[in-house]
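Novice: Take a look at this one; I'll ask things after.
Rule-based calculations on the coordinates, nothing more; no lab input. A quick note: this is a predicted structure, and the numbers were derived from the prediction, not measured. Quick reminder, even Gly has a Cβ in these numbers, built from the backbone with ideal geometry, and neighbours come from all protein chains shown.
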């Protein structure tokens, strides 16, 4: 094995441990990857709660309006901080997309379906906001994306029609969904994270695989074959049921690996980044190459 390859494997393994150890480590990783990158518009309220706030990052291009990606982070529905995902925004803005990263209400202050309702509120808010901001493409579907619990939020807010209906939208507002290591088929709730978030919610209300998925937009589902936190069967099962889905299984990659693959130094993984780029360009094209 070459020293370079060994270094890459070691860096990914150590960073996976760091990410799973807590959000303070994620902050250090984010700073390493994104530096002092700040949102172009910060602290935008999309609802009355202190957690219902988002940041917006814009691509470094001319005045040409950009299509929008909304990123939902993970954290077992119980933790998360939008400021620690600037590296994700950096990746997508360099591809020519504007990126909105919302915080959302967390367990134990709330439980399902509040965090899904926050997702719907974010989408509706940004739909209105785009009509007022010349830097964003108005009347254009948005891309949803997320990792882990955030991938679930991105899928479920569309899979169960009630959430978008409640904010006056439907699935035509969504160009596609990118889910990295997401849980979509996890009933019964057999770990503390799902028990705390979902309680006694029946499967036909909480599980994307239990929904009528005929209306779903195109999906890109990426999972690592060594993910022992959210098992690959979640992505496989959803890919089987969705009308249009691309499944990417990354050999030897664990749960955090699909997220840190979006980084820029040592952790970049083309096995994740290439299909993400291709899916974006094919589903929500931008003028930037």
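Novice: Of all the Cα-Cα pairs you can form in the chain, what percent are over 36 Å apart?
Specialist: Here the tail beyond 36 Å accounts for 8 percent of pairs.
Novice: Right, next: For 46, 104, which order do you get if you count the other beta carbons within 10 Å of each Cβ and list the fewest first?
Specialist: Ascending number of Cβ neighbours within 10 Å: 46, 104.
Novice: Taking only C-alpha pairs under 8 Å that are 6+ residues apart, what is the relative contact order of the chain in percent? Mind dumping the intermediate values first?
Specialist: Values: 572 pairs, mean separation 51.9, N = 289.
That works out to 18 percent.
Novice: Provide Rg over Rh for the stretch 173-237; use the alpha carbon set for both Rg and the Kirkwood Rh (inverse mean inverse pair distance).
Specialist: Radius of gyration over Kirkwood radius for the stretch 173-237 works out to 0.98.
Novice: Among DSSP beta bridges whose residues both lie in the chain, state the antiparallel percentage, nearest 5.
Specialist: In the chain, DSSP labels about 25 percent of beta bridges as antiparallel.
Novice: Please work out the FRET efficiency for the pair residue 131 and residue 43, using the Cβ-Cβ distance as r and a Förster radius of 22 Å; give the result to the nearest 0.05.
Specialist: Efficiency computed from Cβ-Cβ geometry: 0.60.
Novice: Something else now. Which order do 91, 128 fall in if you start with the one that has the fewest other Cβ atoms within 10 Å?
Specialist: Sorted ascending by nearby Cβ count, the order is 128, 91.
Novice: Sort 224-236, 270-282, 149-161 by packing, meaning the average of other beta carbons within 10 Å per residue, with the highest value first.
Specialist: 149-161, 224-236, 270-282
Novice: Another question, if that's okay. If I build a Gaussian network model for the chain, linking alpha-carbon pairs within less than 10 angstrom, which residue out of 259, 144, 169 has the largest mean-square fluctuation?
Specialist: Among 259, 144, 169, the largest mean-square fluctuation in the Gaussian network model of the chain belongs to 169.
Novice: So what's the back-of-envelope 222 nm ellipticity for the chain, counting only DSSP H runs of four-plus at -39500 (n - 2.57) apiece and dividing by all residues, rounded to 500?
Specialist: Counting only the DSSP helices, I get -11500 deg cm²/dmol.
Novice: Starting from the Cα-Cα distance between residue 195 and residue 273, subtract it from 0.36 nm times their residue separation and give me the gain in nm to one decimal.
Specialist: 24.8 nm
Novice: Using alpha carbons only, how many angstrom separate the centre of the stretch 225-273 from the centre of the stretch 154-177?
Specialist: That distance is 23 Å.
Novice: Within a 10 angstrom radius of the beta carbon, how do 181, 172, 79 rank from fewest other beta carbons to most?
Specialist: Result, fewest neighbours first: 172, 79, 181.
Novice: How much length would be gained if the chain were fully extended between residue 240 and residue 212, taking 0.36 nm per residue of separation minus their Cα-Cα distance, in nm to one decimal?
Specialist: That works out to 8.8 nm of additional length.
Novice: Moving on to the next point. What do you get when you divide the Cα radius of gyration of the stretch 128-200 by 2.2 N^0.38 Å, with N the number of residues?
Specialist: 1.32
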